[in-house]
Amino acid sequence: ALVLLCSSAAAVVVWKWLGKRQIQKKMEEALRTQDEGMKKMAKAVQQFREQVPSVQTDAILSLPLLELTGRLREGSLSPKTVLYTYLEKALEVTQQTNCLRHFIPECEEQLQEIQQQKEKGLLYGIPVSIKDHIGYKGHLSTCGLVQCLGIPVQEDSVLVKVLKRQGAIPFAMTNVPQSLFNYDCSNPIFGQTLNPLNLQKSPGGSSGGEGALIAGGGSILGIGSDIGGSIRLPSSFCGLCGLKPTAKRLSVWCTRLLNMDVCSCPTPVPCALGPMARDVDSLALCMKALLCEEMFRLDPTVPPMPFDEEVYSSSAPLRVGYYDTDGYFPLPPCMRRAVRETRGALQAAGHQLVPFSPPRIHYVMTELFLKTFFADGGRAWLDLFTGDIVDPSLKSQVNCYKIPRLGKKLLALILKPLQFLLLLKLKNFATISTCRSLKEMWNHHHQIEAYRTEFIAQWRELRLDVVLCPVLGPAFTTGYPGKLLTAVSSTMLYNVLNFPAGVVPVSTVTEADEEELKFYRGCCDDPWDRTLKQ
């Protein structure tokens with residue numbers, strides 16, 4: 001019996017070793033492919049440089065998107081020159097930040113294609129970067145997961161098709177956090193992406209590769225996705241403009257999310273694709289280009305509503321609701337100062353500012369947002385890591401969900417005398433409630449709809465046109481987003497509501513902000529508040 005037991009134990013050890021070796025081989029192959037792509041990219045840039053040595057790189061890179069499109073359309077700049085200029089800069093940025101997951105060699109074919117198009121699209125000749133999980137034919141869509149390696153996408157996503165139709169040139173796919181459910185940007189396959197403005201900082205996530213590439217100057221326009229702040233948080237951390245449209249405003253067909261096709265995975269808090277860029281006009285041009293007949297034809301589920309130029313160009317006074325805290329996770333002093341300064345600027349411009357308090361954010365965060373994704377106690381999410389190496393930035397969450405339900409209840413009872421139970425309920429994923437029946441799930445969906453109705457009623461009562469509010473920031477040191485997942489309350493609200501929401505940079509951190517941060521106590525000076533301060 002002892003011999004049999006030893007043999008079984010040895011077999012388990014060997015089996016685990018073989019599994020890990022298989023994972024390692026897949027990861028090594030992915031890195032080899034990535035490296036070959038980068039070398040091919042560098043070679044193409046070098047060849048162009050030899051052919052055209054007099055390109056004014058800095059002048060091209062400094063052009064705003066609207067001016068660059070004008071120069072391309074009139075012919076004073078060629079798409080080839082612009083493409084290779086941005087390829088060269090992207091290589092430089094990724095060497096510093098590790099923001100590129102893969103170079104798209106077919107960009108050279110697309111360059112030839114657009115020069116044969118009869119009509120020049122709104123994004124004619126513009127190099128565009130796209131987030132890892134946005135489908136591009138023949139390329140991987142990994143979500144930072146080993147199980148997604150070796151399975152190339154069979155066709156372009158609708159969004160990529162429309163970009164191409166409008167004359168854009170997708171040239172690179174950018175890095176993401178493992179499973180996309182993190183606002184840092186690290187995975188075990190391609191590693192940690194850094195913030196180009198400060199290499200000790202995170203670029204945010206999950207569209208962190210996009211944030212780093214655009215902020216570093218290696219892309220003028222990028223496409224990210226957002227299900228809890230994944231466009232807006234990198235935009236905040238990297239000093240960019242980003243827009244999360246209403247879900248289904250842009251097609252998500254052939255876009256992978258958490259190893260599932262978004263289209264076949266309905267959820268009451270849906271994913272939205274949207275643009276990231278250096279200025280608001282760039283976001284508007286991108287939306288104008290994407291909201292076209294081709295988008296509506298390729299994806300009939302997208303409402304056929306073109307971009308409303310009249311609303312966008314209007315200078316009519318607005319009635320603006322505002323708040324500088326949601327009462328759930330108080331933000332650092334500099335972010336609240338940004339709201340105050342913007343409020344003052346809007347008032348000076350003739351707009352009417354009205355205090356607004358979003359209702360019941362504690363309830364929204366724990367009972368609506370987190371319950372949507374972890375209604376099964378996190379089992380579906382944990383399944384993503386089967387046969388995978390868990391990234392260090394996610395280990396605390398993964399370990400938390402591995403605790404059996406009974407274990408979580410016992411832990412809560414033990415901690416109750418220490419008065420930590422309330423904190424755990426509000427700020428820790430371990431104790432969020434789950435949907436234990438189909439009836440509970442339908443009730444959860446109804447609760448989300450009821451909250452939207454309540455919020456809209458409050459909005460209408462105050463006769464608001466728009467709301468001004470803070471976003472989480474400034475950029476965290478790498479590794480910290482994984483410790484503070486519930487700090488995303490400022491962004492997740494608008495995913496639950498399915499409202500469009502954007503981020504704009506209005507200021508930078510001052511020495512006075514740093515001094516004020518020393519006295520930050522947050523909600524109740526608990527471990528999470530102290531972690532935010534760090």
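The values are calculated or read from the model by the stated rules, or taken from the named source; none is laboratory data. Just so you know, these numbers come straight off a predicted model, no measurement behind them. With ideal geometry, Cβ positions are generated from the backbone for all residues, glycine too; neighbour counts draw on all protein chains shown. Each accessible area value is taken on the protein alone, full model and side chains, heavy atoms only, with ligands, DNA and RNA left out. Shrake-Rupley method; radii C 1.70, N 1.55, O 1.52, S 1.80 Å.
The apolar share of the surface of segment 30-302, taken as the fraction of accessible area on carbon and sulfur atoms (1.4 Å probe, ligands and nucleic acids excluded), comes to 50 percent. Excluding same-chain neighbours fewer than eight residues apart, the aspartates and glutamates reachable from residue 483 by a Cα-Cα span under 12 Å are 184, 529.
Inter-label distance, residue 443 to residue 115: 6.5 nm, where each label sits 7 Å from its Cα along the C-beta direction. The alpha carbon convex hull volume per residue for the chain rounds to 174 Å³. Provide, for q = 0.07, 0.08, 0.09, 0.13 Å⁻¹, the log10 of I(q)/I(0) from a solvent-free Debye sum over equal Cα point scatterers in segment 30-302. Rounded to two decimals, the profile gives -0.21, -0.27, -0.35, -0.76. For segment 319-533, the calculated P(r) over all alpha carbon pairs, in 5 Å bins from 0 to the bin holding the longest distance, is 1, 6, 12, 16, 17, 16, 13, 9, 5, 2, 1, 0 percent. Within segment 84-134, the trypsin sites (Lys or Arg not before Pro) that combine a DSSP coil assignment with at most 13 other C-beta atoms in a 10 angstrom radius are 118. What is the Cα centroid distance between segment 222-259 and segment 350-388, reported in whole angstrom? Answer, in whole Å: 16.
Looking at segment 466-515, none of the GluC sites (Glu not before Pro) sits in a DSSP loop with at most 15 other Cβ atoms within 10 Å of its own Cβ.
Rolling a 1.4 Å probe across the protein heavy atoms gives the chain an accessible surface of 45 Å² per residue. Between residue 519 and residue 35, the modelled label-to-label distance comes to 5.4 nm, taking each label 7 Å out from Cα in the direction of the beta carbon. Backbone geometry of segment 382-393 corresponds, through the Karplus equation with coefficients 6.51, -1.76 and 1.60 at θ = phi - 60°, to 3J(HN,Hα) couplings of 4, 4, 4, 9, 4, x, 9, 9, 7, 5, x, 5 Hz, x marking Gly and Pro.
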